[in-house]
Every structure is written in C-alpha cells, then in structure tokens.
1. Please give the peptides 35-46, 80-91, 57-68, 4-15 ranked by average Cβ packing (other Cβ atoms within 10 Å per residue), highest first, as a rough proxy for protection.
2. Just to confirm the number: angle between the C-alpha axis of helix 67-92 and the first principal axis of the chain, 0 to 90 degrees, nearest 10?
3. Answer with one residue from V60, L28, I15: the one whose Cα lies farthest towards the positive end of the charge dipole of region 1-92, charges on Cβ with Lys, Arg +1 and Asp, Glu -1.
4. Helix 22-33 versus the longest principal axis of the chain: what angle, 0 to 90°, nearest 10, using Cα atoms?
5. Based solely on C-alpha atoms, express the radius of gyration and the Dmax of the chain in angstrom.
6. Could you give the dipole magnitude of the chain about its Cα centre, charging the beta-carbon of Lys and Arg +1 and that of Asp and Glu -1, in debye to the nearest 20?
7. Work out, step by step, the length gained on full extension between E2 and N46: first 0.36 nm times the residue separation, then minus their alpha carbon distance; give nm to one decimal.
Amino acid sequence: MELRVIEKEADELSIEIAGEDHTFMNVLKGTLLEQDGVAAATYDVNPEQSGGQTEPILTVKTEGEDPLDALEAAAGNIKDKTTAFRDAYETAA
C-alpha cells in the first residue's frame with residue numbers, strides 16, 4: 001500500500017491511498033467516523049476535477065486532534081477488528 005499526503009493542516013488531511021478500492025476505503029472511512037474528534041471522513045475514487053484520478057483520496061477533518069493521529073488510531077482499530085473476526089471464525093470452524 002502506497003500513501004501520499006496531498007494536503008496536511010492542523011485539522012484536515014487529504015491522503016492518496018494507492019491500490020485500494022471501495023471495500024477498504026469504506027471500512028477505513030467508517031472506522032474514522034466512529035472516533036471521537038473526527039468531524040468528517042470521506043473518500044473519492046475518481047474526482048472529475050483531477051483529470052481522471054483513479055487512486056482513492058481520503059479526506060479527514062478533525063476537531064482538536066491531529067488527523068494523522070486519528071488515521072493511525074483507525075488503522076489500529078481495523079487491525080483489532082479483523083483479528084477478532086479471524087479468531088471467532090477459527091473458533092467456529
């Protein structure tokens with residue numbers, strides 16, 4: 001997975017996440033929105049104004065929190081959830 005910061009401010013981050021699709025981006029967006037301090041999280045896969053941009057661009061807006069910290073916490077939460085799901089699946093199988 002390749003990441004490229006497009007814009008970074010104290011309360012907003014836009015980052016390109018190469019090689020991902022709606023499946024991962026929806027999980028990431030949803031997990032970000034569950035966090036305190038995250039005011040908005042959205043992504044765009046093919047914005048018209050970019051001239052055909054196809055890699056997803058995630059935008060995170062926060063209130064009183066560094067958006068990179070919010071992104072890091074969301075990634076950790078996703079990892080915890082997938083580990084718990086895998087463990088439950090292996091137990092059930």
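1. Order by mean packing, descending: 57-68, 35-46, 4-15, 80-91.
2. Approximately 30 degrees, to the nearest ten.
3. With unit charges placed on the Cβ atoms, the residue in question is L28.
4. 90
5. 14.5, 48
6. Magnitude of the dipole: close to 320 debye.
7. 14.1 nm
Throughout, read-outs are computed from the coordinates displayed, never taken from laboratory work. These figures come from a predicted structure and were not determined experimentally. Cβ coordinates were reconstructed from backbone atoms using ideal geometry, including for glycine residues, and neighbour counts include every protein chain displayed.
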